């Protein structure tokens, strides 16, 4: 299922009031328990199954008992988001959150973005793919190519080699490629690879009228097509705009109903013992 650009524009506008109010507040952590089905008017702070194709999947899972780096080295235990693809080229799993994060020129020149990921090795899978972060930029009422996404190639932005199975990043001066828009073509993973500030200059030069009204409207995590056999986890997705919005998304699975029942039963038994 895919949420088209045209369908979420109205939702971005509807979410604007919430985001403006939140932007002046101190840093906040938003707990995400799952991915919602795509809707015409997204809610700010929620994450959606934005582009799930064929055998791609997206879920939020409990890492308790998984062992290794996946369980012990998570920055925000005990859960994480999981994205998977099968062995077909068209499989894709992309999730996203939508809001008006601010003027694109300001955000690209000042904001810090970050996330942590874990890549599980799959026999026969693409060894060089992993969950990827994307920033969506939109100019409402533009000329037609007024939307696109910036994404960092893992080897250009991650602070740990993808071959080591773990990675993280939070550096806007690292490399990003462009998926096309504002009169600039799809970089298909690069080149060109530019910093966010360099891309802001490139957009303003190539399409000054549209980019003058451009806003950052989405944050996404995904495994794209032609990335077969992926099992990847991510967490701790963050955006920090100096003097403005500072938000971290913590992905935590909802406890199983059985666990909740057992916990309630334990509390009841404790109360009964105290009354004896």
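Some notes on this structure:
- In segment 45-54, the residues that are buried (at least 21 other Cβ atoms within 10 Å of the Cβ) and part of a loop (DSSP other than H, G, I, E, B): 47
- All of (1) at pLDDT 95 or above; (2) touching a strand residue (DSSP E or B) at 6+ places or on another chain (Cβ under 8 Å); (3) closer than 26 Å to residue 253 by Cβ hold for residue 70 with one exception: (1).
- Of the residues making up segment 106-132, those that are surrounded by fewer than 19 Cβ atoms within 10 Å (Cβ to Cβ) and either under 20 Å from residue 241 (Cβ atoms) or in contact with a strand residue (DSSP E or B) (Cβ under 7 Å, 6 or more places away or on another chain) (or both) are 106, 109, 110, 112, 114, 120, 122.
- Restricting attention to segment 239-249, the residues that are out of contact with any helix residue (DSSP H, G or I) (no Cβ under 8 Å at 6 or more places or on another chain) and buried (at least 20 other Cβ atoms within 10 Å of the Cβ) total 2.
- Taking segment 75-97 as the range and being surrounded by fewer than 21 Cβ atoms within 10 Å (Cβ to Cβ) and within 19 Å of residue 238 (Cβ to Cβ) as the test, the residues that pass are 75, 76, 77, 78.
- Residues (crowded, with 20+ Cβ neighbours inside 10 Å, under 19 Å from the mean Cα position of the chain (by Cα) and assigned to a loop (DSSP other than H, G, I, E, B)) located in segment 187-228: 224, 227
- Scope segment 59-81; condition in a strand (DSSP E or B), farther than 30 Å from residue 199 by Cα and under 18 Å from the mean Cα position of the chain (by Cα); matching residues: 59, 60, 61, 79, 80
The values are calculated or read from the model by the stated rules, or taken from the named source; none is laboratory data. Note that this is a predicted model, so its numbers are computed, not measured. Cβ: placed from backbone, ideal geometry, glycine included. Neighbour counts: every protein chain shown.
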